[in-house]
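Down below is the structure, laid out as structure tokens.
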Amino acid sequence: MKVLVATSKPFAPVAVKGIKEVLEAAGHEMVLVEEDMIKAVADCAGLIVRSDIVDKDVMDAAKELKVVVRAGAGYDNIDLAEATAHGICVMNTPGQNSNAVAELVFGMLVTLVRNRYNGTSGTELKDKTLGIHAYGQVGRNVARIAKGFGMKVSALDPWVKDEDMVADGITPMHSVEELYQNNQYVSLHIPATEQTKKSVGKALVELLPKNGVLINTARKEVIDEESLAEALAAREDVRYVADVKPDMAEELEAKYPERVLFTPKKMGAQTAEANINAGIAAANQVVMHLKDGWNRFQVNK
Ligand code: 3PG
């Protein structure tokens, strides 16, 4: 059977090689597509994507499609209701790229607190407070690395028991207000859903202690940008760092060149290791699903 791999956001070549090997070993044919997924997907049984949009138009065109695997964590780019209506199983590959995202959190934070290496004295992360907003796979990796930096780590996650956080050496928080009030650094790891979109703005950011920093390696949609801009205007000590550039990036960079830091493209999961882990996991999941309906990581149940 044909399996389409969308590469508009490229996988490292070594990951593409690995994906091809897994698919071919199971008797499938890998087809790569950079653009025009609608045409390419027509006779494919499987589809592997990163952030490419998989919507009704794609699914209407994909008459033989049985499974879509998002090689990564967030699946807000896939229309789950349409997938269910089309009888298509959608899965993600939880945890496979999370270390890469977590490492970037610290790469960006060090760049920020060392004043972008401009020769002036910056600050250190050691002994500072870090609040993790959602203690999932990325959040746990962020906690592990933060402890190496000597930070004091706490986290908010209604799905995780207090004792499990405590066992990890993390202080559990029980409300967003408590999280933002008690941590100089807050790292966002919530998915973009109808409930979380625009959920972080001035009301939370203004709770941050002095010299507060919000870092977002999750999704730009979870930020209420107008309201964040108001918080940055009201609090001259607050800074915003994001791997998921806001729509207002240009305006914010012009107004606050030293207080905002954005990657030019979303880079969190852009490592060879993450591409290999997520890409090969996705290929294996497609193979297993096409073989016997395996659906352990299905997200549209
Ligand atoms: C994810 O949801 O897995 C990360 O945000 C990485 O996304 P990407 O594959 O589009 O870089």
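Each reported figure results from applying straightforward, stated rules to the coordinates on display, with no laboratory input. Values in this document were obtained by computation on a predicted structure and should not be read as measured data. Here the Cβ is made from the backbone with ideal geometry for all residues, glycine too, and neighbour counts use every protein chain on show.
Could you tell me how far the Cα centroid of the stretch 1-69 sits from the Cα centroid of the stretch 103-178, in Å?
First find each Cα centre; the distance between them is then 36 Å.
I need the trypsin sites (Lys or Arg not before Pro) found in the stretch 179-278, filtered to DSSP loop residues with at most 13 other beta carbons within 10 Å of theirs.
Values: sites: LYS197, LYS198, LYS202, LYS210, ARG219, LYS220, ARG235, ARG239, LYS255, ARG259, LYS265, LYS266; in loops: LYS197, LYS198, LYS210, ARG219, ARG235, ARG259, LYS265, LYS266.
Qualifying residues, ordered by number: LYS210, LYS265.
Report relative contact order for the chain in percent, whole number only (criteria: Cα-Cα under 8 Å, sequence separation at least 6).
Numbers: 609 pairs, mean separation 61.8, N = 301.
Contact order relative to length: 21 percent.
Using DSSP to call loops (not H, G, I, E or B), can you name the chymotrypsin sites (Phe, Trp or Tyr not before Pro) in the stretch 91-199 whose Cβ has at most 16 other Cβ atoms within 10 angstrom? Intermediate results must be reported in sequence, preceding the final value.
Working: sites: PHE106, TYR117, TYR135, PHE149, TRP159, TYR180, TYR185; in loops: TYR135, TRP159.
Within the stretch 91-199, the qualifying chymotrypsin sites (Phe, Trp or Tyr not before Pro) (loop, at most 16 other Cβ atoms within 10 Å) are TRP159.
Return the Rg/Rh ratio of the chain with Cα-based radii and a Kirkwood Rh. Let's see the in-between values first.
Numbers: Rg = 20.4 Å, Rh = 20.3 Å.
Ratio of gyration radius to Kirkwood radius for the chain: 1.00.
What number, rounded to the nearest 500 deg cm²/dmol, is the helix-based mean residue ellipticity at 222 nm of the chain, given -39500 (n - 2.57) per DSSP H run of at least four residues and division by all its residues?
On the way: 12 runs with 112 residues, N = 301.
Value at 222 nm, helices only, nearest 500: -10500 deg cm²/dmol.
Could you tell me which trypsin sites (Lys or Arg not before Pro) in the stretch 104-145 are loop residues by DSSP with no more than 13 other beta carbons within 10 angstrom of their beta carbon? Numbers along the way, then the final one.
Details: sites: ARG114, ARG116, LYS126, LYS128, ARG140, ARG144; in loops: ARG114, LYS126, LYS128.
Of the trypsin sites (Lys or Arg not before Pro), the ones in loops of the stretch 104-145 whose Cβ has at most 13 other Cβ atoms within 10 Å are LYS126.
In what sequence do HIS86, HIS289 fall when counting other Cβ within 10 Å, fewest first? Mind dumping the intermediate values first?
Values: HIS86 17, HIS289 22.
Lowest to highest Cβ neighbour count: HIS86, HIS289.
Return the subset of LYS66/LYS301; LYS210/LYS245; LYS126/LYS210 for which the Cα-Cα distance in this structure is over 20 Å, preserving the input order.
Where the Cα-Cα span goes over 20 Å, the pairs concerned are LYS210/LYS245.
Report, to the nearest 10°, how far helix 272-292 tilts away from the longest principal axis of the Cα atoms in the chain, using its own Cα long axis and a range of 0 to 90°.
Roughly 40 degrees, rounded to the nearest 10.
With only Lys, Arg, Asp and Glu charged, each at its Cβ (+1 for the first two, -1 for the last two), find how big the charge dipole of the stretch 59-112 is about the Cα centre; round to the nearest 20 debye.
Working: 3 positive and 6 negative charges, 30 e Å.
Approximately 140 debye in magnitude.
Helix 13-25 versus the longest principal axis of the chain: what angle, 0 to 90°, nearest 10, using Cα atoms?
The angle comes out near 40 degrees.
Taking the 0 to 90 degree range and rounding to the nearest ten, how far is the long axis of helix 98-113 tilted relative to the main principal axis of the chain, both from C-alpha atoms?
Long axis of 98-113 versus the principal axis of the chain: about 30 degrees.
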